[in-house]
Amino acid sequence: MKFCALPIFLGLLSNVLVNCIDESQTDATGLVLSYSPGISSTAVSIYERFKDRPLEGPSVILPAGPVATTAPISTDRLLSVGTTVFAANRFQNTIWMYDLSGEPRLLDTVGSGGLTPCSFAYSKNILYVLNCAWNFSGNVGTGIPSVTAFSVVPEDKEILKPLPKYTREDKQEDKGILEPLPEYTRALDAYESLGGTQIEVTPDGKFLLVAIQGQPSVGATNQGALLTFSLDGGIPSDEPTEVLSGINWFAAFEMAEFNGQTFIYVESLNDASVAPYRLETNGSLTPVGPAVVGPPQGADAALCWLYRVRNYLYGTNFGTSTITSWKINETDGSVSLLEEAAGGANGHRTFVKDPATNITISGLLDMVASEGILYVLEPSDNAPVFLGILVPMDISSFVIEDDGSLTFSSKTKTNQAGTGLALIDAPINLPTPVSE
């Protein structure tokens, strides 16, 4: 049997697979990608996933520029569309674009047009970028966040170069595939030094949602905001059509469509809660129920990322190294707490301490899910820490049961730092990794 689809950029236009692969070549069902900042360089590490065994790899390591430290909240710096992958380097303020449909290759590298790019959204052949304006350490907003955008133009195969075989070598080059769209740029001057965290386009393509974290200092409260821009031909409105303000350290949000209605779920880090809203046709947000607290509030409450699977929401708690789950009422969009600490004994991790600063580093970070499996990025047990930012990570796998509960399946040690995950749902036949 063959899985066949269109050439890469037609695939981008339709969000379908962009490869034609004989199933007999591999029993892998797809890929998991991890964004890996290192001491001297940054990379995207690629792991193969299977139905009947743990992740394997990394089979390929893609260079993504010089070292790039990370904010613990901004984990959305990888985006896959078909077998095309975008990665953001916040130290260098660049965007890296790769093609994984055959021999892995770097397609393009361009400046992001702003400070510390941290999140992507893709719709109708446009890549939207949130430049979050964080300081180097990634713990305080500094400067003005902004939205920039790029068109993905048809590729000229003669200007593309294969990656050096599976190395971290930096081969940065602007090849003109990602074209800046200046008329799409929106400087978020009102939110200077408050930091951004996430950008998304609604499923119907009518609105662009931008999250402002609201953290000029660790003690800041209630300064986060969710901005809703209407899209006209893909171009954001000059000003937000709606501003949901007063969020207590905004971490992330998720979207869902039920019964022809779009719902937005807003996660507060400090409140350790998820609040449900209905997105109206004019872009306004209407509460559809109370905010529901997940993990216990207090010093350990630090909901970091939110991910939806069917009518369930999963939040990673950086403070207690737990996964919290909520159930969505598909009729009205409201939420209820499912499990404070999902995944049983394997849903709670070992804390590690930075010997240089004596600061305890816990932290489940990003999540992605496919084919009933939730993949979670977490620090390795008793792993060494470098300056509190570069922690060797594991990728744990959980089976998502019919009732939304999680059953631990396996753990894959990466022996690398990691700050974000992405998926490719295609049985790609990766080359055999080169031995060190």
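From the list 315, 333, the one residue that fits, being at pLDDT 95 or above and open to solvent by less than 10 Å² (accessible area, probe 1.4 Å), is 333.
Of the listed requirements (1) modelled with pLDDT under 95; (2) open to solvent by 50 Å² or more (accessible area, probe 1.4 Å); (3) within 19 Å of residue 200 (Cα to Cα), residue 308 misses just one: (1).
Of all residues in the stretch 226-249, those that are in a strand (DSSP E or B) and open to solvent by 50 Å² or more (accessible area, probe 1.4 Å) total 4. Run down 169, 158, 192, 173 and say which single residue is farther than 18 Å from residue 230 by Cβ, at pLDDT below 95 and open to solvent by less than 80 Å² (accessible area, probe 1.4 Å). Just a single option satisfies the conditions, and that option is 173. I need a count of the residues in the stretch 195-210 that are open to solvent by less than 10 Å² (accessible area, probe 1.4 Å) and at pLDDT below 95. Residues flagged as open to solvent by less than 10 Å² (accessible area, probe 1.4 Å) and at pLDDT below 95 within the stretch 195-210 amount to 4.
Does residue 111 satisfy the condition of being of a type outside the set (A, V, I, L, M), at pLDDT 90 or above and surrounded by fewer than 16 Cβ atoms within 10 Å (Cβ to Cβ)? Yes: the conditions hold for residue 111. The strands (runs of 3 or more DSSP E) located wholly in the stretch 250-293 that include 1 or more residues which are surrounded by 22 or more Cβ atoms within 10 Å (Cβ to Cβ) occupy 250-258, 261-268, 273-279.
The values are calculated or read from the model by the stated rules, or taken from the named source; none is laboratory data. Being a predicted model, the structure only gives us computed values, none of them experimental. No Cβ is skipped: glycine too gets one built from the backbone with ideal geometry, and neighbour counts run over all protein chains shown. We work out accessible area using only protein heavy atoms, side chains counted, and drop any ligands, DNA or RNA first. Shrake-Rupley method; radii C 1.70, N 1.55, O 1.52, S 1.80 Å.
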